[in-house]
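Asks: The structure is given below, and queries will be raised subsequently.
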Amino acid sequence: MESFTLTVKRTFKTSRDSYIITFNEKIDFVPTQFIMIETPSVVRKPFGLGNWFADLAIGVQVIGKGTQYIVEQKILSAHGPLGRGFVPPSGKGAMISTLACLAMAFDLHQRCGCDVFIGALEEPQIEVPFKTVLGDQQFVELLKSLKGYDWFYVVGSDQMEKVCFELLHDKAPVYLSFNEYMACGLGACRGCAIQTKEGLKHVCVDGPVFRGDLIWN
């Protein structure tokens, strides 16, 4: 793990409470790896690495003082890249994401050419370059319509991921990003432990991506 400074190039809203932050620097990383960003408190917060067109980027959903601080800064102190990253299986893939994870989706689409589908509760505040559906019912109908894929990768809230797994796991393997709170990002605090069919795993070092059928029946 390295410590470094990121200088903000642009911060813009994707929805009422979500942002994309782009940076002037470049970082070598593999899909779904993350960085830990320092805040004024002792808490570091994890953010998945991605791209927005040619720029390094992260997505931020403002849910408290720490994330509000991050979207207001011009210089951020970070540590990483962390996590195992996600190596997509062979074949045609699809990523299902929220607007808060749009930078990660853009990166995976660039790297492996997978299709991307965005589920949102409200109209995006930017032009999204992927198919986007609004509302729970439309999202469920989208999932039911997806056919011909060899794998799915889902990143979003726990509730969203469970819905996707239930509706997609009979079609192809479903990979899920488990975004449990990670206090250290290094596996030292053991705060992100989850039980799997292969035993106890830690999201920050063994993941953050796991096959859904290793977690849920």
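Bear in mind that the values in this text are calculations on the coordinates, not laboratory data. No experiment lies behind these values; they were computed from the predicted model shown. Cβ coordinates were reconstructed from backbone atoms using ideal geometry, including for glycine residues, and neighbour counts include every protein chain displayed.
Asks: Which of (1) closer than 23 Å to ALA183 by Cβ; (2) touching a Lys or Arg at 6+ places or on another chain (Cβ under 7 Å); (3) surrounded by fewer than 18 Cβ atoms within 10 Å (Cβ to Cβ); (4) among the aliphatic types (A, V, I, L, M) is the odd one out, the single condition MET36 does not satisfy?
Replies: (3)
Asks: A follow-up question, please. Residue under question is ILE96, and the condition is that it be farther than 26 Å from LYS162 by Cβ, buried (at least 18 other Cβ atoms within 10 Å of the Cβ), among the aliphatic types (A, V, I, L, M) and within 13 Å of the chain's Cα centre (by Cα); does it hold?
Replies: The answer is no for ILE96.
Asks: How many residues are more than 17 Å from VAL154 (Cβ to Cβ) and not basic (Lys, Arg) if we restrict to region 56-108?
Replies: 24
Asks: Okay, next question. I'm trying to understand the selection: among the residues of region 36-63, which are in a loop (DSSP other than H, G, I, E, B) and at negative phi?
Replies: Our first condition is that a residue be in a loop (DSSP other than H, G, I, E, B); within region 36-63, this holds for 39-43, 53-54, 62-63.
Correct list: THR39, PRO40, SER41, VAL42, VAL43, ALA54, VAL62, ILE63.
Asks: A follow-up question, please. Quick one: in region 2-35, of everything that is in a loop (DSSP other than H, G, I, E, B) and either out of contact with any Pro (no Cβ under 9 Å at 6 or more places or on another chain) or hydroxyl-bearing (Ser, Thr, Tyr) (or both), which residue is nearest to CYS192 (Cα to Cα)?
Replies: Selected residue: THR32.
Asks: Within region 171-206, which residues are among the aliphatic types (A, V, I, L, M), closer than 24 Å to ALA94 by Cα and touching a helix residue (DSSP H, G or I) at 6+ places or on another chain (Cβ under 6 Å)?
Replies: Keep residues of region 171-206 that are among the aliphatic types (A, V, I, L, M), which gives 172, 174, 176, 182-183, 186, 188, 193-194, 200, 203, 205.
Next, only the ones that are closer than 24 Å to ALA94 by Cα stay: 172, 174, 176, 203.
Within region 171-206, VAL174, LEU176 meet the criteria.
Asks: Let me ask you something else. Check off (1) out of contact with any Phe, Trp or Tyr (no Cβ under 6 Å at 6 or more places or on another chain); (2) surrounded by 15 or more Cβ atoms within 10 Å (Cβ to Cβ); (3) closer than 20 Å to ALA172 by Cβ for THR132 and give me the number that stays unchecked.
Replies: Just one mismatch for THR132, condition (3).
Asks: For region 99-131, enumerate the residues that are farther than 19 Å from ALA54 by Cα and under 10 Å from the mean Cα position of the chain (by Cα).
Replies: Selection gives nothing.
Asks: For ASN179, all conditions in the list (1) closer than 30 Å to THR67 by Cα; (2) touching a strand residue (DSSP E or B) at 6+ places or on another chain (Cβ under 6 Å); (3) buried (at least 16 other Cβ atoms within 10 Å of the Cβ) hold save one; what is the number of the exception?
Replies: Among (1) closer than 30 Å to THR67 by Cα; (2) touching a strand residue (DSSP E or B) at 6+ places or on another chain (Cβ under 6 Å); (3) buried (at least 16 other Cβ atoms within 10 Å of the Cβ), the lone unmet condition for ASN179 is (2).
Matching residues to (1) assigned to a loop (DSSP other than H, G, I, E, B); (2) among the aliphatic types (A, V, I, L, M); (3) free of Cβ contacts under 8 Å to residues at least 24 places away in the same chain:
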site	(1), (2), (3)
GLY66	no, no, no
TYR69	no, no, no
LEU76	no, yes, no
HIS79	no, no, no
PHE86	yes, no, no
PRO89	yes, no, no
MET95	no, yes, no
CYS101	no, no, no
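Asks: Shifting gears a bit: Tell me the residue from ASP158, ASP136, ASP170 that is farther than 20 Å from CYS101 by Cβ, out of contact with any Cys (no Cβ under 6 Å at 6 or more places or on another chain) and not polar (S, T, N, Q), please.
Replies: Result of the check over ASP158, ASP136, ASP170: ASP170.
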